[in-house]
Amino acid sequence: MIVTYLIGNGFDISCGLKTSYADFIQAYLKTDSTDGDIIDFKSKIEKNLTTWADAELAFGAITENIQNVPKLKKCFRDFHKQLCTYLKEEQSKMNYASFKRSEALQFISGIKNFQSFLPEKSKYEVGSCLECTDMSKIKYNFLVYNYTDVFETLLKKSISIRNSNFGLTSTDGDCYLHSLNSIEYVHGSLKNPPLIFGVNDTDQIKYIPHRSTTTINQMLVKPIGNKETHSLSFERCKKAIRESDIICTYGMSIGETDSLWWNEILALLFENKKFNLIIHQWNPACEENLSLDIFSTTTDCRNKFVVNAKSQINTKRSLTDRIHVAINKDPFNIKMNLS
């Protein structure tokens, strides 16, 4: 059996790092610049500050206001360069020496017990599907959508502390061997640049003439950037998804700028009736004691995934029943002391 985790920026945030785009934008606006184009670009950001919480989508939208190609490239380069610097500084705050053995054990346990965070009906659905798979060996892939190596570092430290990879799980007399299969950075990383930043497709570039400009597409459309700079990793990520029996997302917004990946997963849900998707959804406004809140959050999350997959697939009830939502759960329980 193959379980694939999709790890988003919510993981770094849960570790205490200020790596959200909202945090970065505040820092970016304070950086010094004497270039008139950059100063003008920053003023445009300030006028629409709330939209820059999703900086990738916002960059596609701002093309309507920056129609000059050299100016747009200059602004993108400055933004991208400052983002790299900012993330390096945030990543350096991780104090891995404070990571305890008990936390390492919890970290691995959270990965292995992906079903335990689900509502009862979802546990049953996932369990019935897993009965049809070979569980004697359970392999884990991790597709990291962050640019930092925080998740990978903590994972490998946890495995090292255990001194036995992911170890065994005994259930009803049967022993299952869990092991690490692969770790891939979907959009590059600080240690494996370049970082791929931007929109999912040309439709998200608001200024229509830019959509046919090759250099703009290479710069701003992530799948194009992936194919040209991380082509082998890009294909390995797609292969990992297609071979999965379970996919779990954690710390991801299921946003429009990653539609390609939601489309791949939705296609797998359609083709493989035993495949299940688990989405960890963070919604502080959702009260776990209120059934209406739980129902609304679950429905909204499923609908967002389907809409942002941008697929023509008919999402019948039998398909959406295999999209499970774990609300406000923290499987990894990482409480880091930052330096």
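Points worth noting:
- Spread of Cα-to-Cα distances over 10 Å intervals beginning at zero, given as percent, for region 14-65: 23, 54, 20, 4
- Entry note, the chain: relative contact order of 26 percent, from Cα contacts under 8 Å with a spacing of 6+ residues.
- Percent carbon-and-sulfur accessible area, region 221-339, ignoring ligands, DNA and RNA, probe 1.4 Å: 50
- What the chain shows is 47 Å² of accessible area per residue, with the surface traced by a 1.4 Å probe over protein heavy atoms.
- Per-selection Kirkwood Rh - the chain (Cα, Å, 1 d.p.): 21.3
- Between helix 101-112 and the chain: long-axis angle, C-alpha atoms, 0 to 90°, nearest 10: 80
- Computed over region 128-218, relative contact order equals 31 percent, with contacts defined as Cα pairs under 8 Å that lie 6+ residues apart.
- Size of charge dipole - the chain - debye, nearest 20, with Cβ of Lys, Arg +1 and Asp, Glu -1, no other charges: 520
- For region 1-137, Kirkwood radius (reciprocal of mean inverse C-alpha pair distance, Å): 18.8
- Cα centroid separation, region 270-331 to region 115-145: 15 Å.
- Excluding same-chain neighbours fewer than eight residues apart, the aspartates and glutamates reachable from Lys44 by a Cα-Cα span under 14 Å are Glu64.
- Remark: the Ala22-Thr34 segment gains 2.0 nm on full extension, using 0.36 nm per residue and subtracting the alpha carbon distance.
- Kirkwood Rh, Cα atoms: Rg over Rh of region 161-277: 1.08
- Convex hull projection area averaged over all views, region 61-136, Cα basis, nm²: 10.9
- Couplings 3J(HN,Hα) of region 42-54, computed from phi: 5, 5, 5, 4, 4, 6, 10, 4, 5, 5, 7, 5, 10 Hz, in residue order, whole Hz [Karplus 6.51 cos²θ - 1.76 cosθ + 1.60, θ = phi - 60°; x for Gly and Pro].
- Under 5 Å, built H, 5+ apart or other chain: amide partners of Ser182: Tyr140, Asn141, Phe142
- Rounded to 10°, Cα long-axis angle of helix 150-162 versus longest principal axis of the chain: 30
- Percent of Cα-Cα distances greater than 24 Å, calculated over region 187-339: 45
- Rounded to the nearest angstrom and listed largest first, the equivalent-ellipsoid semi-axes of region 256-339 from its Cα gyration tensor are 26, 17, 12.
- DSSP beta bridges in the chain [antiparallel fraction, %, rounded to 5]: 15
- Measuring between alpha carbons in the structure, the pairs from Lys93/Lys335; Lys100/Lys329; Lys112/Lys139; Lys18/Lys238; Lys100/Lys137 lying more than 18 angstrom apart are Lys100/Lys329; Lys18/Lys238; Lys100/Lys137.
- Treating each Cα of region 173-220 as one equal point scatterer and applying the Debye formula with no solvent, the log10 of I(q)/I(0) at q = 0.20, 0.21, 0.23, 0.27 Å⁻¹ comes out as -0.77, -0.81, -0.88, -0.99.
- Helix content alone sets the calculated 222 nm mean residue ellipticity of the chain: runs of n ≥ 4 DSSP H residues at -39500 (n - 2.57) each, divided across all residues, give -14000 deg cm²/dmol.
- Nearest 10 degrees, 0 to 90: helix 291-309 Cα axis against the chain principal axis: 60
- Over all other residues within a Cβ to Cβ distance under 14 Å of Ser98, the charged ones net out to +4, with Lys and Arg as +1 and Asp and Glu as -1.
- The HN-Hα couplings worked out from phi for region 224-231 by the Karplus form 6.51 cos²θ - 1.76 cosθ + 1.60 (θ = phi - 60°) are 5, x, 4, 5, 8, 10, 9, 4 Hz, whole numbers, x standing for Gly and Pro.
- Amide H contacts under 5 Å for Thr249, placed H, 5+ residues apart: Leu6, Ile278, Ile279, His280
- Principal semi-axes in Å for region 93-197 [√(5λ), Cα gyration tensor, largest first]: 28, 18, 13
The values are calculated or read from the model by the stated rules, or taken from the named source; none is laboratory data. Just so it is clear, the structure is predicted and the values come from calculations on it, not from any experiment. Quick reminder, even Gly has a Cβ in these numbers, built from the backbone with ideal geometry, and neighbours come from all protein chains shown. Protein only, heavy atoms only, side chains kept; ligands, DNA and RNA dropped before computing areas. Shrake-Rupley method; radii C 1.70, N 1.55, O 1.52, S 1.80 Å.
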